[in-house]
Amino acid sequence: MADTLFITDNRTGKKIEIPIEHDTVRATDLRQLKVKDDDFGMMTYDPALMNTAAVKSRITFIDGDKGILRHRGYPIEQLAENSTSFLEVAYLVLFGELPNDKQRTDWRIKIRHHTIVHESIKKLMEAFRYDAHPMGMFISTIAALSTFYPEAKELNDPENRMTQICRLIAKVPTIAAFAYRHSKGAPYIYPDNELTYAGNFLNMMFRPSSKEYTINPVLERALTVLFILHIDHEQNCSTNVMRSVGSSHVDPYSAVAAAAAALWGPLHGGANEAVLHMLDEIGSVNKVPAFIKEVKEGKGKLMGFGHRVYKNYDPRAKVIKNLAYQVFNVTGKNPKLDIAIELERIALEDEYFVKRKLYPNVDFYSGLIYQAMGFPLDLFPVLFAIPRTAGWLAQWQEHVTDPEQKITRPRQIYLGYGERNWIPMDKRK
Ligand code: ACO
């Protein structure tokens, strides 16, 4: 028997049978349910889209109950451990397969070709105030790129689309590093195409203007792994924005700028910074029990804990925790690590957290590493946006080539006034 769902509409007694595909029913099938012939028909109401699949995707799989994250079928743990290059994983996420040797080399060359930004972009960034937030600079500059590449709106040309994808992946580290150098009042360092994706970014960030800079291989590797861990996370808030904005067929620069704006919010990409503020506030290990007690009394949240999808240990958090020790061997231990470990130990044993399935998420340890590596707190969302750009673009490409997709346009339940007549000014209350 085919998988179907029988529904009886108790308003009218009408019965319908609708198909179930992939454990899902099509919301538009419900439109057959009407009280009067000229009714619009039944809709679903789903604030925050908690139970609505709006796309079919082949990119990222998450099983939140089991703590599983896979890109194109490959577990995130294997990608983080085995892939030596962020661009290799970007290729996988974008094209669906791991590149062979030649494909990997060609891909690297393609990206390196685009790392530099137009001198006018540099001038544009110089116009920001000295204390401009780097994420604000990042978002605005990405949006401005659309004016440099007007051909980017020709979405039906696959080659043209790929050129814009390469440009964006290549240029986001440059723009991010320029934003940081601007806040320091330091001269910008241009991309060095001999370096890896992460190495080039570290060089543009931290190289003193007139001196050589040796990139520490442990830190370069750590940043590569952090970039891999953040590359994609299926239909999260910013990715949903990327797809929605992209569905209007605007150019991808404007869509990435919109997605980055969504990422900036403290409920999304801003939590790693909040974790560090929380650890500062706690101050020392012996104050952890008192802090946990306050959280349980509802006086605040344990930042970096809990997740809408993961009801198990976030697989990325496990990798990051191990990475933290490797980084601290080089940089010296971030003094906040002991507080974080004690928080985690108590929380994982405490009934409040166990019952609610609250585990450390990706942000719990990542901020400690970023800080130890010398990144300022306000750069954290930018560090998230750099690798996520590749994920956004993979999702965008899938969206604009999906024949089932159209411009995204949800419905509403209108609860406002019915029709009423215009009131002249002298009659208004
Ligand atoms: N500390 C203490 N209690 C928590 C926490 C937390 N971090 N997270 C959830 N809870 C509690 C809630 O108070 C609620 O308790 P109740 O049932 O007694 O009311 C219960 O756990 C369920 O929580 P919800 O808020 O319903 O979970 P939701 O899925 O809506 O929220 C979220 C997920 C936003 C991530 C939440 O866990 C949170 O705010 N965590 C802290 C912020 C954070 O680390 N965000 C980063 C997420 S990862 C990312 O975006 C990259």
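The values are calculated or read from the model by the stated rules, or taken from the named source; none is laboratory data. What you see is a predicted model, and the numbers here were worked out from it, not measured in a lab. Using ideal geometry, Cβ is built from the backbone for each residue, glycine included, and neighbour counts are taken over all protein chains shown. SASA here: full protein model, heavy atoms, side chains in, ligands and nucleic acids out. Shrake-Rupley method; radii C 1.70, N 1.55, O 1.52, S 1.80 Å.
Results, tabulated for the structure shown:
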{"item": "Portion, in percent, of the accessible area of segment 29-179 that falls on carbon or sulfur, probe 1.4 Å", "result": "51"}
{"item": "Estimated vicinal HN-Hα couplings, Hz - segment 14-24 in sequence order (Karplus 6.51, -1.76, 1.60; Gly, Pro = x)", "result": "5, 10, 10, 10, 10, x, 10, 10, 6, 6, 9"}
{"item": "Theoretical ellipticity at 222 nm over the chain - DSSP helices of four or more residues, -39500 (n - 2.57) apiece, nearest 500", "result": "-15500 deg cm²/dmol"}
{"item": "Dipole in debye (nearest 20) - the chain, about Cα centre, beta carbon charges: Lys, Arg +1; Asp, Glu -1", "result": "780"}
{"item": "Förster-model FRET efficiency, 35 Å R0, Glu97 and Ile341, C-beta, rounded to 0.05", "result": "0.35"}
{"item": "Stretch gain in nm, segment Lys333-Lys66, where the contour uses 0.36 nm per residue and the Cα spacing is subtracted", "result": "93.0 nm"}
{"item": "Neighbour cut-off at most 13 other Cβ (10 Å), DSSP loop, GluC sites (Glu not before Pro), segment 282-362", "result": "Glu297"}
{"item": "Gain upon complete extension [Asp402, Asp280; 0.36 nm per residue less C-alpha separation]", "result": "39.2 nm"}
{"item": "Integer Hz, Karplus 6.51/-1.76/1.60 couplings in order for segment 355-360, x for Gly and Pro", "result": "4, 8, 6, 9, 10, x"}
{"item": "Sequence of Arg31, Arg104, Arg167 when ordered by accessible area, the most exposed leading, probe 1.4 angstrom", "result": "Arg31, Arg104, Arg167"}
{"item": "1.4 Å probe accessible area per residue over segment 271-372, in Å²", "result": "47"}
{"item": "Tensor-based shape of the chain (alpha-carbon gyration tensor, a/c under 1.5 rounded, otherwise prolate or oblate)", "result": "prolate"}
{"item": "Per-peptide average of other Cβ atoms within 10 Å, ordering 323-330, 252-259 highest first", "result": "252-259, 323-330"}
{"item": "Listed residue (Gln32, Leu49, Gly13) projecting farthest to the positive dipole end of segment 1-53, Cβ model", "result": "Gly13"}
{"item": "Over segment 1-53, relative contact order from alpha-carbon pairs under 8 Å, at least 6 apart, %", "result": "22"}
{"item": "Under the Karplus curve 6.51 cos²θ - 1.76 cosθ + 1.60, θ = phi - 60°, whole-Hz ³J(HN,Hα) for segment 166-173, x wherever Gly or Pro sits", "result": "4, 4, 5, 4, 6, 8, 4, x"}
{"item": "Computed over the chain: relative contact order in percent, which uses C-alpha pairs under 8 Å that are six or more apart", "result": "19"}
{"item": "Sites Leu377 and Ser210, calculated FRET efficiency, Cβ-Cβ separation with R0 25 Å, nearest 0.05", "result": "0.35"}
